[in-house]
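Each remark here refers to the structure printed beneath this line.
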Amino acid sequence: MTPEETALLASIGVTLYWNYAQLALICTMYGFYLLLAFVALVLLLKSGIPSTRPRQYLLIITLLTLGINTWGYIISVGIELVRTKYVFAPLAAGLRAQIDLANAKAEPWSRMSIWASNLNLLIGDATVIWRAWAIYTGHRVTQWILVALMAFNGAMLIITSACDVAALSDSQQTAVLAISVTSIWTSLVTNLVATIFIGVKLWQVFSLPPMTGGLFTQPMTGDLFTQLIL
């Protein structure tokens, strides 16, 4: 083994060490997440899902999030197993060729990982927008603003996912980074605007007397409002 291959092998060892340390953390966090998800599902089911539409939506969102997070967890494990399998598979071309083969085999998993993370973010943003939209029943302008904001945010997340996937086998890293940063800010603004709308409604419901016009033409009952926010 040449000195270059020795250094390369040491580099592989260090990389695998940190990758598996990260994977151990992911497994631990996923275990905690499963516990919390099952507790949430049990509480939703005990409260009577068919009786209220908002709780039906919450059940669907919880199941979707659970499915996507499980998909992401499987992908994280799959990437490391595939890389480890092929990086140590002997090839006549040498260690560098084994690394290239391992990365090539793991690339489909990396593409799925990008979509899984962005879909999870999309569902989270949509949930916040839905809560804000639901408590502004009767005020179409506010609802359309929220819908338009979410549509733009969703489009940016989809474009970012497609660009990130393309960047795995392309060299347009600068352009992709700019799109990714824009997508992050779009998601942040979406959550901020929706949270402000919810906060204003919360303050109006519990602090002010009923209004006769403007954004708050229809009062929101405390039980329904609490159910939507918490």
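The values are calculated or read from the model by the stated rules, or taken from the named source; none is laboratory data. Everything numeric here is computed off the predicted structure, so don't read it as measured data. Cβ: placed from backbone, ideal geometry, glycine included. Neighbour counts: every protein chain shown.
Which one of these is touching a residue at least 60 places away in the same chain (Cβ under 8 Å) and either touching a helix residue (DSSP H, G or I) at 6+ places or on another chain (Cβ under 9 Å) or of a type in the set (A, V, I, L, M) (or both): Leu45, Leu9?
Details: Leu45 fails: touching a residue at least 60 places away in the same chain (Cβ under 8 Å).
Exactly one residue qualifies, and that residue is Leu9.
A quick yes/no check of all residues on (1) modelled with pLDDT of 85 or more; (2) in a helix (DSSP H, G or I):
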{"site": "Pro50", "(1), (2)": "no, yes"}
{"site": "Arg55", "(1), (2)": "no, yes"}
{"site": "Leu63", "(1), (2)": "yes, yes"}
{"site": "Thr70", "(1), (2)": "yes, yes"}
{"site": "Ala89", "(1), (2)": "no, no"}
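What pairs come up if the first residue lies in the range 100-121 and is among the charged types (D, E, K, R), the second is buried (at least 17 other Cβ atoms within 10 Å of the Cβ), and their beta carbons are under 8 Å apart, counting only those six or more places apart or on different chains?
Final answer for the pair search is Lys105/Val82; Lys105/Arg83; Lys105/Tyr86; Arg111/Val165.
Being under 26 Å from Ile135 (Cβ atoms), touching a residue at least 12 places away in the same chain (Cβ under 8 Å) and in a helix (DSSP H, G or I), is that true of even one residue in the range 73-80?
no
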